[in-house]
1. Would you be able to tell me the number of residues in the stretch 8-65 that are out of contact with any strand residue (DSSP E or B) (no Cβ under 7 Å at 6 or more places or on another chain), β-branched (Val, Ile, Thr) and closer than 24 Å to MET136 by Cα?
2. Which residue is least open to solvent (accessible area, probe 1.4 Å), if the candidates are limited to the stretch 27-53 and must be out of contact with any helix residue (DSSP H, G or I) (no Cβ under 8 Å at 6 or more places or on another chain) and closer than 20 Å to LEU135 by Cβ?
3. Which residue pairs have Cβ atoms under 6 Å apart, sit 6 or more places apart or on different chains, and have a first residue in the stretch 127-148 that is over 24 Å from LEU166 (Cα atoms) and open to solvent by less than 30 Å² (accessible area, probe 1.4 Å) and a second that is polar (S, T, N, Q) and modelled with pLDDT under 95?
4. For the stretch 26-105, which strands (runs of 3 or more DSSP E) that fit wholly inside it have 1 or more residues that are polar (S, T, N, Q)?
5. List, please: which pairs have Cβ atoms under 8 Å, are six or more places apart or on different chains, and start with a residue in the stretch 98-114 that is open to solvent by 40 Å² or more (accessible area, probe 1.4 Å) and end with one that is in a strand (DSSP E or B) and at pLDDT 90 or above?
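The values are calculated or read from the model by the stated rules, or taken from the named source; none is laboratory data. Predicted model only: the values in this text are computed from it and were never measured. Note: ideal-geometry Cβ built from the backbone for every residue, glycine included; neighbour counts use all protein chains shown. To get the accessible areas, we keep the full protein, side chains included, count just its heavy atoms, and leave off ligands, DNA and RNA. Shrake-Rupley method; radii C 1.70, N 1.55, O 1.52, S 1.80 Å.
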Amino acid sequence: MLGKRNIFLIGPMGSGKTAVGKYLARAIGAPFIDSDQEVERRTGVDIAYIFEKEGEAGFRQRERDAIDALTQIEPLVLATGGGAVLLPENRRALASRGRVVYLETSINQQVSRVGRGKHRPLIADADPREKLTQLMEHRAPLYAEIADVTVATDGRRVQSVADEILRKLGAPPPAP
């Protein structure tokens, strides 16, 4: 069906990675894991706390360790954090161990979905639109660099996005 049995979802915060990932996992009968939730599970604290105590660099190292371990599980649908692509070792692990799907979304859609971002440390104390624009300018080329498939999510239902992903990966959509 897919060649590589893992599906890794990348893209900015608010692009729908978790919702689409859960749907995809059910559709193909694979486990679903969110890398941010895995970091929280491993540390016993939320991401905002990690950022507060260790900064973004500390979080990125924890994220790297989680992604390295998770990408070795097969089969798996993995939703990554928006900044997971920042570290070259994450990009290598994702690109070599599964099919990478970039969920592309507009800044307007992100602002609508993440709001003030109180549980999102990178935008918690900033103007969300301005910060999301900055993040996208830096990260979009990294998403595109490793994506096997790119799917737009603006204004779309989870099932529609997931069905397009399965189609583009050469898998039949699930029966209704």
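1. 3
2. Only one residue fits best here, namely ALA48.
3. Final answer for the pair search is LEU132/GLN110.
4. Qualifying strands (runs of 3 or more DSSP E): none found.
5. ARG99/ILE7; ARG99/PHE8; ARG99/VAL149; GLU104/THR150; GLU104/VAL151; GLU104/ALA152
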